[in-house]
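The structure under discussion appears below in the form of C-alpha cells.
The values are calculated or read from the model by the stated rules, or taken from the named source; none is laboratory data. None of these values were measured; they are calculated from a predicted model. When we count neighbours, we look across all protein chains shown, and the Cβ atoms used for this are built from the backbone with ideal geometry, even at glycine. Just so you know, the surface numbers come from the protein's heavy atoms only, side chains and all, with ligands and any DNA or RNA stripped out. Shrake-Rupley method; radii C 1.70, N 1.55, O 1.52, S 1.80 Å.
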Amino acid sequence: MDVLSPKSRQELEAELACLRSRLGEYEALEALSRETGEAFLRSLEGGERCRERLDAKSEELCNARHQLQKALGRYTDLFNHSPIGYFLIDQHGILREVNVKGAALLGQSPEHLQGAPFAKYITPLARPAFDHHLQSVFAGSSGQIELALDTPDVPALPVILETSLIEGMDEGTGPLCLAAALDLGSRKQAEKALAERTEELARSNEDLERFAYVISHDLQEPLRNIGNYVQLLSRRYKGRLDADADDYIGFVVDGVMRLSNMIRELLTFSRITTQGRTFEVVDSGAALKDALANLESAITESLAEIHIAPMPEVQADSTQLISLFQNLIGNALKYREADRNPRIRIEARPVGEKWLFSIVDNGIGIESRQFERLFMLFQRINPQGGIQGTGIGLAVCKRIVERHGGQLWVESTPGQGSIFYFTLPAAPSSH
Ligand code: ADP
C-alpha cells in the first residue's frame, strides 16, 4: 500500500487550496455572467419598448403629414378658386404665382404667366405708378392702387390692387408682394345700375308725391261742398224726416269728416319733402313745448304725467319737428291702457353726429310682428279698439325723420308700453 510522504501531502493541500480559490473565482465569474445576462435581457426588453414607441411616433408623423397635405390641398383650392384675382410678385416685378381668377383677368393661363413681368399686363400709362407702388410695398407700406389691366386679347379692365408684403414661398426667395385684384369694371357697372335705379325711384317717388298732392288738394274743394250741404241738410231737416233719415244723414256727416281728415293728412304727407322748409338750428325743447301746447286738451283729459329731460339743439325744419313730437306724443296719449293714466317720458342723448330721441309710454303696446306695418301709409293696428285715426301719423313721422337724414323705429311690449326712437342731426357744436 502506498503511503503518502508528508511532503507530497503538503503539496496536495497546496493544490487543494489552489483549486478552492479557482472554484471561488469560477463562482464569482458565474454570478457576474448571470447578472450580465439578465442586464442584457432587460436592455433587450427596453429596446423592444423603444421600437414600439418609435413605430407609434412614425404613424403619428405619417398622419400629420397626411393632414398637412390635405390642408395644403384645401388652401391651394381656395387660392385657385377664389373669386378675387391673386398675384404674387417679386421685388423685380416678376410674377411668381397667379391664381385662376387672376390669370382669367389677364386672359392667360396661370402657367403662361409664371415668370412674366407683371407690368407687361397693365396699361403703359399705369406702369410708372405701379413701379412706384411696388417699391413702397417692399419698403414696408401696404396699400392699394387703382389701375387698368391690359392684354392684347382682353379690353382694358379697371381694377383696384390691394397689396401687402408676405414671406417668400421657398428658401432663397425673398419676400413677395401679394396683390389682390378687385374687378372695378363690374363694381362700377353695379354702382351705375344702382345710381340709375335710385334716380328712377326718386323720380317715381316725386311723381307719386305730386299725384298725392294734386288728388288731395283737388278733392278738398268738392268734399268741403258735400260736407257743407250735408250739414245744412242735417240742421234743416233733423227731426222732420223719419228716424232712419236722421241716422243716414249722421253717417254721411261722419264719413265726410273722416274723409276730409284723411285728405288733409294725405296733403300734409305729400308736402313733407316738396314743401318742407330749409333746416336751421332749432331748440328741440321749444318745439316740444309747442307740440304739448297743441295737445293740451288731450293731456288734461287723460290726466297724463309727462316727464321731459333736457332737450338739445338740432338741425331741423322747426314746423316738421313740432308735428313729429305732436304725432308721437298724441299716439302715446291715444293708445293708453284703460286702467292707468298715461305716463310719458321724453329724452335725448347724443350718438355720434346725431341726437337720439326717445318717447316712452306705458300704453297698450304693439306686437313685434306689426313693427314694420305701423309706419306704412293708412296702416292701422287697432281699429277694433274704437280709437279714431287715419293711419297716416306714423308714415308722416317717418317721412319727416328720413327727410332729416335720420331713422325712426319702435320697441314695445304689449300690455306694458312702447318706446319710439328717432335720430336727428345735431346742430353744429351742440355736443
Ligand atoms: P293712427 O293713429 O291714425 O291709426 P298712426 O300712423 O299714427 O295712425 O299709427 C298707426 C298704428 O300704430 C295705430 O293704429 C296704432 O295701432 C299703432 N300705434 C301708434 N302709436 C302707438 C303707441 N304709442 N302705442 C300703441 N300703438 C301705437
(request) Let me know the shape class of the range 223-320, please: from the alpha-carbon gyration tensor, a ≥ b ≥ c as square roots of the eigenvalues, rounded when a/c is under 1.5, otherwise prolate if a/b is greater than b/c, or oblate. (result) oblate
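Tally Lys/Arg at +1 and Asp/Glu at -1 over every other residue whose Cβ is under 14 Å from the Cβ of residue 427; what's the total?
Details: positive: 354; negative: 280, 283, 313, 317, 353.
Residues near residue 427 contribute -4 overall.
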(request) Using a Förster distance of 22 angstrom, determine the FRET efficiency expected from the C-beta separation of residue 19 and residue 40, and round it to 0.05. (result) 0.10
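Treat the range 192-274 as a sphere of radius equal to its Kirkwood radius over Cα pairs and apply Stokes-Einstein at 37 °C in a medium of 0.692 mPa s; give the translational diffusion coefficient in µm²/s, rounded to a whole number. Numbers along the way, then the final one.
On the way: Rh = 15.2 Å.
For these conditions, the coefficient is 216 µm²/s.
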(message) What percent of all Cα-Cα pairs in the range 280-425 falls into each 5 Å bin, going from 0 up to the bin containing the maximum distance?
(response) 2, 10, 20, 25, 21, 15, 6, 1, 0
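Looking at the P(r) of the range 80-189, how many percent of alpha-carbon pairs lie beyond 22 Å?
Working: 1364 of 5995 pairs.
Counting every Cα pair in the range 80-189, those more than 22 Å apart make up 23 percent.
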(message) In Å and on Cα atoms, what radius of gyration and Dmax does the chain show?
(response) 46.5, 185
(message) Suppose each label sits 7 Å from its Cα in the direction of the beta carbon; what would the residue 238-residue 164 distance come out to in nanometres?
(response) 8.0
(request) Considering the options 63, 19, 36, tell which one lies farthest towards the positive end of the dipole of the range 13-78, charges being +1 on Lys and Arg and -1 on Asp and Glu at the Cβ, about the Cα centre. (result) 63
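How large is the translational diffusion coefficient of the range 1-95 in µm² per second when you combine the Kirkwood radius over alpha carbon pairs with Stokes-Einstein at 37 °C and 0.692 mPa s?
Calculated translational D: 150 µm²/s.
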(request) Give me the angle, in degrees from 0 to 90, between the Cα long axis of helix 184-237 and the longest principal axis of the Cα atoms of the chain, rounded to the nearest 10. (result) 30
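Tell me, what is the per residue accessible area of the chain in Å², probe radius 1.4 Å?
On the way: 27790 Å² over 431 residues.
I get 64 Å² per residue for the chain.
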(message) Could you check the spin-label model distance between residue 220 and residue 64? Points 7 Å from the Cα along Cα→Cβ, value in nm.
(response) 8.4
(message) What is the percent carbon and sulfur in the accessible area of the range 192-274, measuring with a 1.4 Å probe over the protein chains and ignoring ligands?
(response) 58
(request) Could you tell me which of 281, 409, 181 has its Cα farthest along the dipole of the chain towards the positive end, charges placed at Cβ (Lys, Arg +1; Asp, Glu -1), taken about the Cα centre? (result) 281
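What does the charge count around residue 178 come to, taking other residues whose C-beta lies under 13 Å from its C-beta (Lys +1, Arg +1, Asp -1, Glu -1)?
That sum, taken over residues with Cβ under 13 Å, equals -3.
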(request) Would you check the accessible area of residue 307, probe 1.4 Å, heavy atoms only, in square angstrom rounded to 10? (result) 90
(request) May I ask you to give the percent of accessible area on the range 13-78 that is carbon plus sulfur, with a probe radius of 1.4 Å? (result) 60
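What order do 237, 335 take when sorted by accessible area (1.4 Å probe), most exposed first? All intermediate terms of the calculation are to be shown ahead of the outcome.
Working: 237 85, 335 50 Å².
Descending accessible area places them as 237, 335.
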(message) I want to verify a result. In a Gaussian network model of the chain, Cα cutoff 10 Å, which of these has the top mean-square fluctuation: 57, 120, 398?
(response) 57
(request) Go ahead and set up a Gaussian network model of the chain, Cα springs under 10 Å, then flag whichever of 60, 38, 13 fluctuates most. (result) 13
(message) Helix 6-81 against the longest principal axis of the chain: what's the angle in degrees, Cα atoms only, rounded to the nearest 10?
(response) 30
(request) Measure nothing but the geometry: give the 0 to 90° angle between the long axis through the Cα atoms of 393-403 and the longest principal axis through the Cα atoms of the chain, rounded to 10°. (result) 60
(request) For the chain, with a Gaussian network of springs between Cα atoms less than 10 Å apart, report the residue from 309, 286, 31 with the top mean-square fluctuation. (result) 31
(message) Probe radius 1.4 Å, ligands and nucleic acids left out: which of 318, 33 has the largest accessible area, and how do the rest follow?
(response) 33, 318
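For residue 146 and residue 204, what does the FRET efficiency come to when R0 = 22 Å and r is the distance between their Cβ atoms, rounded to the nearest 0.05? Write down the numbers at each step before the final one.
Values: r = 34 Å, r/R0 = 1.55.
After rounding, the FRET efficiency stands at 0.05.
Please give the net charge around residue 313, taking every other residue with its beta carbon less than 11 angstrom from that of residue 313, where Lys and Arg add +1 and Asp and Glu add -1. Spell out each step's value before the answer.
Values: positive: none; negative: 280, 283.
Result for the neighbourhood of residue 313: -2.
With charges set only on the Cβ (+1 for Lys and Arg, -1 for Asp and Glu), what does the dipole of the chain come to about its Cα centre, in debye to the nearest 20? Don't skip to the end; give the middle numbers.
Details: 46 positive and 60 negative charges, 381 e Å.
Taking the Cα centre of the chain as origin, the dipole is about 1840 debye.
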(request) Quick one: go through the range 173-211 and flag any residue whose amide nitrogen is under 18 Å from the point 7 Å out along the Cα-to-Cβ line of residue 273. (result) 194-211
(request) Kindly state, to the nearest 0.05, the FRET efficiency for residue 305 paired with residue 409, given R0 = 30 Å and r defined as their beta-carbon distance. (result) 0.75
